[in-house]
Amino acid sequence: MDALSLLLNRRSLPKLVEPAPAGEVLENIFRAGLRAPDHGGLTPWRFIVSQGEGLTKLADILVAAAKVDNLDDFVIEKASKAPFRAPMVITVVSKVTSDHKVPVIEQHLSAGCAAQAMQMAAVAQGYSGFWRTGSWAYHAVVREALGLEGEDMIVGFLYLGSIGCREAKVHERDLAQYVEYL
């Protein structure tokens, strides 16, 4: 798949199945993330891989967050199932270097670029992925359980696996609604 086709046909599929990327394919996904734009050469990323028992651990963290907030049983049940929408979840964290000439927002954006590059690398190698954040990404219980400190941020949960549902059509958008020239 050429790079332009990859980018122009990007989409998220809601359900992924085994197999998940492994070996050299997974290493390529991480390498792609490490090539994200990185002003100042800070490498402000950390990737936390959950698969197998790790998915259960991630689900337990989400459930603990829901219980701390006294959320209803429906939300707790949903939290317990969330990580199992794919055989692998990579939590992409912006690991911030505070008091640096590179603003914190640029470090967060760089980690976001890493997540996008990783998703595209998965698709380029025959897998699929979707990127979710949601309230769990910002929850104090989740942050603490995953070792985030200070201005660190979970920029997303990158779900990876093989296509497990019918592929949706890519919807074209009218460029005139989004592009302007000075």
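The values are calculated or read from the model by the stated rules, or taken from the named source; none is laboratory data. Because the structure is a prediction, the values reported are computed rather than measured. Every residue, glycine among them, receives a Cβ derived from its backbone with ideal geometry; neighbour counts consider all protein chains shown. We work out accessible area using only protein heavy atoms, side chains counted, and drop any ligands, DNA or RNA first. Shrake-Rupley method; radii C 1.70, N 1.55, O 1.52, S 1.80 Å.
So here's what we get for this one:
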{"quantity": "Other-chain or far-sequence residues with amide H under 5 Å of Q125's (modelled H)", "calculated": "none"}
{"quantity": "Theoretical FRET efficiency, 1/(1+(r/R0)^6), r = Cβ-Cβ of E149 and R31, R0 35 Å, to 0.05", "calculated": "0.85"}
{"quantity": "Selected from S110, S12, S135 as most flexible by GNM, with the chain as the system and alpha-carbon contacts under 10 Å", "calculated": "S135"}
{"quantity": "Gained length - D60 relative to E77, 0.36 nm times residue gap less alpha-carbon distance", "calculated": "5.0 nm"}
{"quantity": "Fully extended contour minus Cα-Cα distance, from T97 to Y178, at 0.36 nm per residue", "calculated": "25.8 nm"}
{"quantity": "Gaussian network model of the chain, Cα within-10 Å springs - most flexible of Y159, Y138, Y127", "calculated": "Y138"}
{"quantity": "Backbone HN-Hα couplings from phi across the range 92-97 [Karplus 6.51/-1.76/1.60, Hz, Gly and Pro as x]", "calculated": "9, 10, 8, 9, 7, 9"}
{"quantity": "Enclosed volume per residue, in Å³, of the convex hull spanned by Cα atoms of the range 1-64", "calculated": "160"}
{"quantity": "Percent of alpha-carbon pairs separated by more than 30 Å within the chain", "calculated": "23"}
{"quantity": "Sum of -39500 (n - 2.57) over DSSP H runs of 4+, divided by residues of the chain (222 nm, nearest 500)", "calculated": "-12000 deg cm²/dmol"}
{"quantity": "With every protein chain in place, the chain: carbon and sulfur % of accessible area (1.4 Å)", "calculated": "55"}
{"quantity": "Listed residue pairs exceeding 24 Å between alpha carbons, taken from K15/K169; K81/K169; K57/K78; K15/K81; K15/K95", "calculated": "K81/K169; K15/K95"}
{"quantity": "Estimated Rh, the range 56-131: Kirkwood, alpha-carbon pairs, angstrom", "calculated": "14.8"}
{"quantity": "Dipole-positive endmost among S128, I105, G41 within the chain (Cβ charges, Cα centre)", "calculated": "S128"}
{"quantity": "Max mean-square fluctuation residue, GNM over the chain, Cα-Cα springs under 10 Å, options K67, K169, K57", "calculated": "K169"}
{"quantity": "Per residue value of the accessible surface for the range 15-62 (all protein chains in place, 1.4 Å probe), Å²", "calculated": "55"}
{"quantity": "Built amide H within the under 5 Å cut-off of G161, gap 5+", "calculated": "S128"}
{"quantity": "Separation between Cα centres of the range 147-179 and the range 27-95, rounded to whole Å", "calculated": "14"}
